[in-house]
Amino acid sequence: MDQFYYDNLHHRVSLTSEMGHRDKAEFDYRASAVQAYHLEWIRDTVAQYDVDGVELDFTRNCVCFPDPNREECAPVMTEFVRKVREALDAAGTRRGKRLLLAATTPYSLYRTRLEGVDLPAMARLGLLDLLCLSTPFVVDFDRDVADTRLKVPGVPIYVGCDRNLPGWPLTRPVPMQAYRALAMNAYRQGADGVYLYNVMHWTIRLDEMPDDLKRFGGNSMAVHDANLMGELGALETLEGKDKLYLMSRHAPMPDKPLGSLPVIVPA
């Protein structure tokens, strides 16, 4: 951590015994110092490097405001993203091109809103150029692309996931067959693309899975599969290949109230 973290310990989302959890150590975006710090990073980056844009990753660690009533802080985050958009527009004007602003979100739009991130509002204000529906830490196929497109019109929608199958602490790397199924499911719903996070270091090949991985899970024994990146770009390259579709059993959450089997499988 750099010096800013230690100088601003009072600007974290929790100052209690909960600090043992890393999501409680995140910065509270209601603090002007926190916003200024991240804006400066963005301005420096786009000034020094010929980037195409900036991604705001809301999936690490999914906390931007303290409890309770995080959803009431949504205007604060929307205003921060507006400032990011202004910084990118200023840099883009100097370079003669538009710098893109992408957002990667965990959960559904509804759950993200409860965390104080109002993505439909950002889209209506013209702040976003790309939205990725991702997950925090595990693979999850439950992404409603059609509904999202209605609520964030005009914004390309990507679908992604993280590196693990559910089962903490014995999480297992995602098999390449599951990535194929995720991509097929996304494209058939009309997604504009697939977003891969940690995939090339965490993919396993079921036909070469070590015995230790079968018994104990673990993340360090994955076998790199160089062909996977060439398969996930279109329906045509996915047709006819083995796929593994997953239905995850979740703990109760606002957007998944069942919390257990049976699960509802969309048609």
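The values are calculated or read from the model by the stated rules, or taken from the named source; none is laboratory data. Treat the numbers as computed from the prediction; the structure is a model and nothing was measured. In this analysis, Cβ positions are derived from the backbone assuming ideal geometry, glycine residues included, and neighbour counts consider all displayed protein chains. These accessible areas exclude ligands, DNA and RNA; they are computed on the full protein's heavy atoms, side chains included. Shrake-Rupley method; radii C 1.70, N 1.55, O 1.52, S 1.80 Å.
Odds and ends about this structure:
- The residue of segment 4-38 that is farthest from Pro68 (Cα to Cα), among those that are assigned to a helix (DSSP H, G or I), modelled with pLDDT of 85 or more and in contact with an Asp or Glu (Cβ under 8 Å, 6 or more places away or on another chain), is Val34.
- When residues of segment 39-69 are limited to those that are touching a strand residue (DSSP E or B) at 6+ places or on another chain (Cβ under 8 Å) and modelled with pLDDT of 95 or more, the one most open to solvent (accessible area, probe 1.4 Å): Asp52
- The residue list Val63, Val46 contains one member that is part of a loop (DSSP other than H, G, I, E, B), touching a helix residue (DSSP H, G or I) at 6+ places or on another chain (Cβ under 6 Å), aliphatic (A, V, I, L, M) and under 22 Å from Ala102 (Cα atoms), which is Val63.
- Qualifying positions in segment 108-155 - more than 15 Å from the chain's Cα centre (by Cα) and among the β-branched types (Val, Ile, Thr): Val152, Val155
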